[in-house]
Structure formats: structure tokens, C-alpha cells
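As C-alpha cells, the structure follows; a few thoughts come after it.
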Amino acid sequence: MKLDKGILISLLVGLYAYIALPWANYDKKFYHFFDPAKAAIKYGTRIPLFYVVGILLLLFIIPLFLKNKKAKGYISLIISVLGAAITVYLVFGPTKEEAFGFGSTLIFSIFYSIFAFSLSDISFIKGDRFLSWSIWVSMLVVTMFIVYPLIVILIRSITTQYGVLVPKQFITTLKGYFQLFRVLRHTFTLAAIVGVTSTLLGFIFALLANRSRIKWIGKVISVFSLLPIITPPFLIGLAIIYMFGVQGFVTKTLLHLHTKAIFGLNGLILAQTLSFAPISYMLLDGLIKSLDPSLEEASTTLGANRWKTFTQVVWPLLRIGVANSFLLTAIESMADFGNPIVLGGDYDVLATEIYFSIVGRYDETLASTLGIVLLASTLFIFLLQQYWIGKKSYITVTGKPAGGRFIPLPKTFESTITTIMVAWFSFTAILYGTVIYGSFVKLWGINNKFTFAHYARFFNEYTDTLWITMKFAFISAFITAAIGIMISYLITRQRFPGRGYLEFSSLLSFAIPGTVIGIGYLIGFNRYPLMLTGTATIVILSFIFRYMPVGIRSGIASLSQLDPSLEEASTTLGGKNSDTLFKVVFPLIKPAIVSGWVFGFVRSITAISAVIFLTTARTRVATVVILNRIEAGTLGVASAYSTVLIAIILAVILIMYSLVNKIGVRQEISL
């Protein structure tokens, strides 16, 4: 008789976990039910239920030998649901003082996996077991690590310090926070200004990249647009301090001023515009490339000059993209933590106030309440962008060959915006250069003698944090790419119950500020049964689910260009879903997979807003160390560490480009 391999392997692994692995984590010590001395004290009346779990595992022997697929599915479904429920109750139900151990985690995973298998067997999911398992695992992890932390924040905002649920607590907390309206005014004012300045510069750069008479200008713009992406989020703030701070080169050396004017709104506008203008450029660059040049040729043929063609033909087609850019850069500004913490001064915004509520006041209720306010603000703008702008249609690409070529910009207009671009990029290059230069001087503005002391201190004291950061980034990047591609495949190629929930929830991280994710993880996973606070696991999980949506978007874009008939042919020839995915789909979307990995790696190394809540002395990452050095005033060490970090990121990106080219994939990796 042919045994069911899936259930057999699950049964063997489950029995091993049941017998050999610790069941619960109590006060950071692992215990097992089979330890009689501790079991009677820790588990008491729950011991019989523990044996029930063992019996349920053994009952999988029944479907193991059944031939009827549906009978096997229904029996497995009943056993797995009971087993998973009892496992969760045993750990969490009676005392709420224990966390999942290795054994209970693995046993729950076995029950959950067989539950997913059984839904395929009874044809609830139209696909094989691998497909059903992928769907249900994706829904579980998205619920646990994206939706659950948000629910925890919401509940904490309406709960008193004694754990009593009081819905009016949210309003009461806001009323007691006297600077609320000032902080909201600061946040929205900054977001609106940065949205305008970033979009304006991004629009200028995108026009030049596609319409300039100078052929190489597009490559220069593309290179500069990558700089804010591959650098820590507060590096620009550090550079601005070097140039315009109290000991700044411009303020002190050139103008002989002793001023802190750069700290506050002025410095934040400058720093965030430098950070987010490249995002606007990347959005608008693709839009301008997609325009049909024949429309402009028709306009000039009918007698319109270049300026009239631009204002009455080109601009109406770009307006919706410009609005989209404004909204997205406004979201980025509201969610930004790195620049406000370095340059904010007395100009407090929601992102930094959430941080100080936890770090300074130890007030989880206030932090959660402000987190809900910030989340509601960014989510509203995100939904506006998705459902209002997303429904607008300005189709110019019809699938028919587009004739003609783009008409160059008016010369005066091109000269003006080229001058702006050159000035802006020169300023950007000088700013980044000051950080590198600052790592080689003893004390900026006071003692500018050349020295390697900052690098010596870095290699003596901080290489361990660099290796920790690299390890976390590598691990999270692989998982980010894998989950992102898998979810993108499920939501573009499959139809199943809960598909809309999976799509919305998995992309929700786009709209969630890092500080909100940070406090959600801090509060949500600092309680039983999911006690992860202080571990490396929670840091890696925050990286994965913070940047997973980019991998999903990249996968969706690649899969949309892949003809579904290729997968249908594989299925028709008898291939399983897993074979189709790994042997047909994945080889054809290698650029998207590599893109997801590179983005996950880069953003994990440069992350700060979420991870600053989650690291401990044992799990400190590079950005937290650099920020601490900036706050302590040791800017030389911060500059040296930042320079090393940028060099590593660039090296990894170049290596990945080289590897991708060697395996025969010539498409561009999009960050």
C-alpha cells in the first residue's frame, strides 16, 4: 500500500517535537511536559490535555493509509483543527505566563500544515497541497506580523494601565496630550511642503532624463537618484549639520555665524527633499517614458509651438502622476524618523513623539494613541492614492507601434531646469562628500587635522554590530524575496477564498510608518504566548514584513508580463503547482527575485524607524549605533561607520549585478 508521504513526514516530525523538544518558554527558560518535577508545578491540570495532543498526532496514522482522498481530507481536517486549538490553549490559555517553546511551535506548525493539506484534499482550495499550504501559510504570517501588531496598538490605545478596556481612553489620552495640535500642524505642514518640493524636483529630473538634448544626462540623474536609497536615512541630516550646524563649514567658516537655524523646519525641508525627490523621480520617469510621441508630433503638425504642446498635450497626461508623486512623498515625509530625530530640534512631529513617548515617558498608551493617529493619516493618503488616483485612466500605450520621436523641451525651459539640476546635484555631492571628509578629521570645525582615529575606533569597538547587521540583513533579504514572490504569484495567478484579504494585508506595510510597526512589535510581541522582544528573531521579522511589499510589487510587475499559457501548458502536461512554480515561473522572473533580495538587503541595513524600538545590547544594528554616536556628539565615528556601510552596500549591489549577468539575466535590478 502506498503511504501518504506528506502526512507521514508530518507525523514523524510532530512526534519528534512532542517527545524531544521543550514545550513552553517560561521566564526565558524552556520546559517540557515530560519533566515530572517541573510538569506538576508548571502545568498541573493541563497534563491530560498534553497527552491528548500526543494521541491526536498518532491518529494521523488513520488518514495515512486511506485511499479515498476526500475521506482522508475530512479526517485530517478534524484532527488538525483540534490539535492546533489544544496546542494554543495549553501554552496560552490557563496562565498567560508562558510563550511557545520549540516543541509547541513545531507541533502547531505540523497541525496547521496538515490543515492546509486537507483543504486541498476536500477541494476547498482548487489546487494541489503545495498551493493550499502556500496560501494558508501566507495568510497566517501576514496576519501575525502585519495585522496583529496593528490590532495590538489599537487595543492598547483604548486600554488603561490596569488592562481595562475603555473605548473613551483614546479621546482622553489625546485631550491630555496638550501639544497634539502643534505636533499635527508641524507634521502636516512639513509633509505638504516636502510633497511639493520633492515632486517639483522629481518632475524636473524626469523631464531632463527623457527629453534633454544632452544624451548622458539621464545616466547622471539615475546615479544620483540611488544615493538616498543606499545610505542610512539620517546621513543627509548628518551632512547638513557638517555644512550648516553650529560648527558648520558654511555657517561658521564662510559666514562666521553661530546659529542653530538649521535645526527645525528649515533643516527638515532640506533633508527630506534631498531624501524623497529621487522617489518622485523614479515614479515620474516611468510615466514620461510611457507617453506616445505621436501625440506631440500631431500637436506640432497642427501648428502648436513647443511650449503650447507641452502645456496642453504633455502636461494633462502627467498631472495624475504628479499628484500620485505628491501623495507618496507626503506619506514618506510623515513616516520619516531619521531626519526629524537628527535635525528636528524643537520642531516635533508625530514620528519622533511616538519614539519619545516610549523611550522618555515609558507611556505605551500615549505611544499607541499617537501611532493610531499617524497610521490613520498615512493610511488615508495611501487609500486616496490607491482608489482615487488609481482609477484614473490616461491611456496612451495601446499595443500598436508608436511612431515618431519625442519633441525636445523648449530651449529656455531646458536651460533653466538643467541649471537647477546641476546646482542641486552639486550640492548633493558636496553634502555626501562632507560625511566622508568628516570621517578623516579629528573634530569638525574645531580641529580639522587628518586622522584615522575614527576608523580605528570603529574597528576596535563596532565591528561586532556590523557583522550582526550583515547577518540580519542577509537572512531577512532571502525571506523577504521568497515571501514577496510567493504572495505575488498567489494574488496574480490564483483565485481562492481570502485572496482580497491577503492582497490588501500584505501590501498594507506600504502605508504603515516604521515607528508604528516598531511599537506594534514592541507591545505585541512582549507578551505571552509570543514572547519575542529582545531576540534577534523580532528584528529580522520587522525587516521582512516592513519591506516585503516591494518584493510583491516587483513580482506582480514581472508576472504581468508572463503569459499564463506557459503555466497552463505545464499543468496540462501533468506538472504539479510546485513544479510549475520552481521550474517554469521562477526561472523567468529572476530579475524580480534578485530585485526583491537586493532591496530587502539594502533597506534592512539602512533601517532605523522600526528597529530602534526592538534592539538590545546583544542585537544592536549599525543604524542604531550610528544614531547613538550622532546624539552623543561623536560625529567622526558616525561618519566613519556610515562610510563603511555605504561601501559595503555598493559592493553587494555590484556583486549581485555581476552574478545576475553570469546566470544570463540582463534586465535591470530596480531598487
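A few points about this structure:
- Of the trypsin sites (Lys or Arg not before Pro) found in the range 545-654, the ones in coil according to DSSP and having at most 14 other Cβ atoms within 10 Å of their Cβ are Arg618.
- With every protein chain in place, the chain: carbon and sulfur % of accessible area (1.4 Å): 67 percent
- From helices alone, the chain scores -22000 deg cm²/dmol at 222 nm; the rule is -39500 (n - 2.57) for each run of n ≥ 4 DSSP H residues, then divide by the residue total.
- Subset of Lys219/Lys442; Lys67/Lys590; Lys215/Lys308; Lys67/Lys576; Lys126/Lys289 violating a 30 Å alpha-carbon distance limit: Lys219/Lys442; Lys67/Lys590; Lys126/Lys289
- Contact order relative to length of the chain, as percent, for alpha carbon pairs under 8 angstrom and 6 or more apart: 16 percent
- Separation between Cα centres of the range 507-550 and the range 207-255, rounded to whole Å: 31 Å
- Mean accessible surface per residue for the range 429-568, computed with a 1.4 Å probe while every protein chain stays in place, in Å²: 41 Å²
- Dividing the convex hull volume of the alpha carbon atoms of the chain by its residue count gives 188 Å³ per residue.
- For the range 423-445 versus the range 466-505, the inter-centroid distance based on Cα atoms is 37 Å.
- Per residue solvent-accessible surface (Å²) - the range 114-248, probe of 1.4 Å: 42 Å²
- Accessible area per residue for the range 593-652, computed on protein heavy atoms with a 1.4 Å probe, is 26 Å².
The values are calculated or read from the model by the stated rules, or taken from the named source; none is laboratory data. In this text, all values refer to a predicted model and were calculated from it rather than measured experimentally. Neighbour counts are summed over all protein chains in view; Cβ atoms, including those assigned to glycine, are modelled from backbone coordinates with ideal geometry. Heavy atoms of the whole protein, side chains included, go into the accessibility calculation; ligands, DNA and RNA do not. Shrake-Rupley method; radii C 1.70, N 1.55, O 1.52, S 1.80 Å.
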